[in-house]
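Q: Next up is a structure, given as structure tokens.
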Amino acid sequence: MNKRYTAPNDRDIVLFIIGMRIQQWWNIKAWWPVFTAMPPMMKELYAEKDNGFLSHNAAWGGRTIVFTQYWEDIESLHAYAHGQTHLKAWTHFYQKAAKTKAVGVFHEICYQGGQL
């Protein structure tokens with residue numbers, strides 16, 4: 001009985017996968033700010049009811065942390081990505097952590113619906 005089941009859905013949805021991988025676990029000063037940047041953003045996303053953000057799941061395996069986020073549409077995701085909170089975290093990453101190579105950040109967008 002290996003059947004797949006999904007919830008019925010009649011609207012577009014955007015799946016955003018973002019995560020980090022700690023390359024140098026001993027270099028805490030480099031990766032800790034990246035690690036602590038996500039919780040305030042998640043709190044902000046849940047606090048704003050009409051921002052297009054639906055929900056998220058998180059997983060941690062070894063040195064890799066992954067957040068799977070669900071969005072109503074691609075425009076809402078882009079609006080948040082270009083907002084102040086995200087811009088501040090991203091700028092800090094490039095100014096500090098990216099130079100050390102102690103941590104890497106990755107993301108991917110899966111879009112069911114129209115064109116990306």
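Q: How high is the FRET efficiency from D12 to H107, r the C-beta distance, R0 22 Å, rounded to 0.05?
A: After rounding, the FRET efficiency stands at 0.70.
Q: Give the lysines whose C-alpha is closer than 25 Å to that of K29, dropping any in the same chain fewer than 8 places away, or say none.
A: Qualifying lysines at Cα under 25 Å: K43, K88, K96, K99, K101.
Q: Sorting D10, D73, D50 on the 10 Å Cβ count, fewest up front, what's the list?
A: Going from least to most buried by this count: D10, D50, D73.
Q: What do you get for the angle between helix 28-47 and the principal long axis of the chain? Use alpha-carbon atoms, 0 to 90 degrees, nearest ten.
A: Rounded to the nearest ten degrees, it is 30.
Q: Let me ask you something else. According to the square roots a ≥ b ≥ c of the eigenvalues of the Cα gyration tensor, what is the shape class of the range 11-116, taking rounded for a/c under 1.5, prolate for a/b larger than b/c otherwise, and oblate for the remainder?
A: prolate
Q: So if each residue of separation counts as 0.36 nm, and I subtract the Cα-Cα distance between Q84 and W26, what length gain in nm does that give?
A: The span from Q84 to W26 would gain 17.8 nm if fully extended.
Q: Charges at C-beta only: +1 for Lys and Arg, -1 for Asp and Glu. How large is the resulting dipole of the range 66-116 about its Cα centre, in Debye rounded to 20?
A: Magnitude of the dipole: close to 520 debye.
Q: Here is a follow-up. Please list, by residue number, every one of the GluC sites (Glu not before Pro) in the range 1-80 that is coil in DSSP and has at most 14 other beta-carbon atoms within 10 Å.
A: Those satisfying the criteria are E48.
Q: For the chain, give the magnitude of the charge dipole about the Cα centre (Cβ charges: +1 Lys/Arg, -1 Asp/Glu; no others), in debye to the nearest 20.
A: Computed charge dipole of the chain: roughly 780 debye.
Q: Something else: Counting chymotrypsin sites (Phe, Trp or Tyr not before Pro) as exposed when in a DSSP loop with at most 13 other beta carbons within 10 Å, what is the longest stretch of the chain free of them?
A: The reported range is 27-116.
Taken together, the values in this text are just the output of simple stated rules run on the coordinates, not laboratory data. Fair warning: this is a prediction, and the values are worked out from it, not measured in the lab. Methodologically, a virtual Cβ is constructed for each residue, glycine included, from the backbone with ideal geometry; neighbour enumeration extends over all protein chains shown.
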